[in-house]
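What follows is calculated from the coordinates using simple rules that are stated; it is not laboratory data. Fair warning: this is a prediction, and the values are worked out from it, not measured in the lab. Using ideal geometry, Cβ is built from the backbone for each residue, glycine included, and neighbour counts are taken over all protein chains shown.
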Amino acid sequence: MRRETQNLLLLLLGGALLKIALGGTYLRYVKPGLFPWLVAAGGVIVLLAVFAIVRDIRSGGAQHDEHDHDHGSRSPWMLLLPVFAIFLVAPPALGSDSVDRAGAVAPQKPRESLFEDLPAAPSPLLSLSEFVTRVVWDDSGALDGRSVRLQGFVVKKEGEPVRLARMRISCCAADAAPVRADLAGPAAGRTAALPSDTWIEVTGVLRPGSATEANGHVPTVDITDVRTIPAPADPYEY
């Protein structure tokens with residue numbers, strides 16, 4: 001591969017990193033804390049490519065590589081794959097398909113032995129991760145009979161109840177694991193008509209004893225209200 005082609009590929013790769021970072025779509029793939037590292041990496045790659053291009057223009061050094069372009073490694077062309085994926089395909093965030101493929105995983109016990117008190121407001125909004133973790137590990141009974149609001153996307157599978165789910169990541173989408181709750185109760189029928197991956201907010205109460213080791217610690221929520229919401233800019237929980 002000729003040096004000017006390599007430099008162009010580097011420029012495109014760095015530009016792709018900057019595009020997803022500055023455009024906010026990086027949240028589909030990694031956690032927010034990695035934003036400065038993405039910007040820095042993309043900027044360094046772009047600067048290296050520009051430096052190499054300017055150097056070759058000044059020295060005319062790229063011409064001496066022309067006789068090697070048929071014999072060099074073709075692996076640098078692999079750099080085009082992530083570039084095409086970002087600029088042309090724009091893979092979406094993980095959704096219901098990933099939930100179906102993943103096995104049931106119990107939430108880890110939090111480092112702190114005591115949970116903070118739930119907000120005093122009626123039907124406080126909790127992350128699905130906090131809700132499920134409390135169901136499994138909080139022995140205070142704070143959730144007993146308490147109405148809460150939860151947000152996530154719809155997961156539908158034949159023969160199973162409609163579920164509310166979120167994907168939780170530690171670093172990036174590669175280590176994502178689903179957090180789920182079964183939906184039942186008066187308003188559950190309204191969720192059955194919604195397509196998978198529809199984002200909703202539900203209001204409901206935990207059904208006591210519904211999260212067991214046998215069902216992967218997936219609790220059941222008896223919901224009294226449901227409404228569709230826009231997909232959040234950051235679709236993951238942490």
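Descriptive notes on the structure:
- Using a Förster distance of 30 Å, the FRET efficiency for K31-R227 (Cβ separation, nearest 0.05): 0.60
- Tensor-based shape of region 146-191 (alpha-carbon gyration tensor, a/c under 1.5 rounded, otherwise prolate or oblate): oblate
- Packing around the peptides 205-212, 135-142, 7-14, taken as the average count of other Cβ atoms within 10 Å per residue, puts them in this order, highest first: 7-14, 205-212, 135-142.
- Taking amide H as placed 1.01 Å from N in the peptide plane, R168 has its amide H under 5 Å from the amide H of A177, V179, E237, each at least 5 places away in sequence or on another chain.
- Surrounding net charge for P232, when Lys and Arg each add one and Asp and Glu each subtract one, Cβ distance under 15 Å: +2
- In this structure, the amide hydrogen of S123, modeled 1.01 Å from its nitrogen in the peptide plane, lies closer than 5 angstrom to those of S147, counting only residues at least 5 positions away or on a different chain.
- Summary of packing: across the peptides 184-191, 119-126, the per-residue average of other C-beta atoms within 10 Å ranks them, highest first, as 184-191, 119-126.
- Applied to region 148-156, the Karplus parametrisation 6.51 cos²θ - 1.76 cosθ + 1.60 on θ = phi - 60° returns per-residue 3J(HN,Hα) values of 9, 10, 9, 10, x, 10, 6, 10, 10 Hz, with x for Gly and Pro.
- Radius 11 Å from Cβ of F131, net charge of other residues (Lys, Arg +1; Asp, Glu -1): +2
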